[in-house]
Amino acid sequence: YNGMKYAEAIPQYESVTRDPSDTWLAKHSYNLAWCYLKEKRFQQALSTMARALQLSTNPKYVKISQETLQNLATFYTYVGKPLDAMHLYLRTFQDPFPYLI
C-alpha cells in the first residue's frame, strides 16, 4: 500500500482482513478500500470502507472512524452515489458540514 503497488497489496490485505482477532482489522480494511479504489474496483472499495467504519466503532479494534468518515464521500462519489453520502452525513451528525465541504 505505502509503495503504491495496489494490485499486489490487495491479496495481502484480503488475507489479513479475514482475521477478526487482529486489533488492526479496521485499519487494514481501510487500506484495502484504498487499494480497491486505486485499482478502479469502486463498489468493493465502498463496501470495504463502510466495513472499516463499522469495525472502527468496536472498541476491540484500532479506532479510525475519523479518517474513514473524512474519506467515505469520495468512495460514494466514485460509485456514482454522492447523494447517498450526503444523506449519511446528514442523518449521522448534528453538524455535518465539515464532512460535506
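Taken over the range 29-62, the residue count meeting the criterion of being more than 20 Å from residue 93 (Cα to Cα), in a helix (DSSP H, G or I), open to solvent by less than 40 Å² (accessible area, probe 1.4 Å) and not hydrophobic (A, V, I, L, M, F, W, C) is 5.
For the range 1-28, filtered to residues that are closer than 21 Å to residue 78 by Cβ and outside any helix (DSSP H, G or I), the residue that is modelled with the lowest pLDDT is 1.
Collect the residues in the range 63-80 that are surrounded by fewer than 16 Cβ atoms within 10 Å (Cβ to Cβ) and either of a type in the set (Lys, Arg) or in contact with a Lys or Arg (Cβ under 6 Å, 6 or more places away or on another chain) (or both), keeping them in residue-number order. Of everything in the range 63-80, just one residue is surrounded by fewer than 16 Cβ atoms within 10 Å (Cβ to Cβ) and either of a type in the set (Lys, Arg) or in contact with a Lys or Arg (Cβ under 6 Å, 6 or more places away or on another chain) (or both), namely 63.
When residue 98 is tested against (1) assigned to a helix (DSSP H, G or I); (2) open to solvent by 20 Å² or more (accessible area, probe 1.4 Å); (3) under 25 Å from residue 7 (Cβ atoms), only condition (3) is not met.
The values are calculated or read from the model by the stated rules, or taken from the named source; none is laboratory data. Note that the structure is predicted; figures quoted are calculated from it, not measured. In this analysis, Cβ positions are derived from the backbone assuming ideal geometry, glycine residues included, and neighbour counts consider all displayed protein chains. Just so you know, the surface numbers come from the protein's heavy atoms only, side chains and all, with ligands and any DNA or RNA stripped out. Shrake-Rupley method; radii C 1.70, N 1.55, O 1.52, S 1.80 Å.
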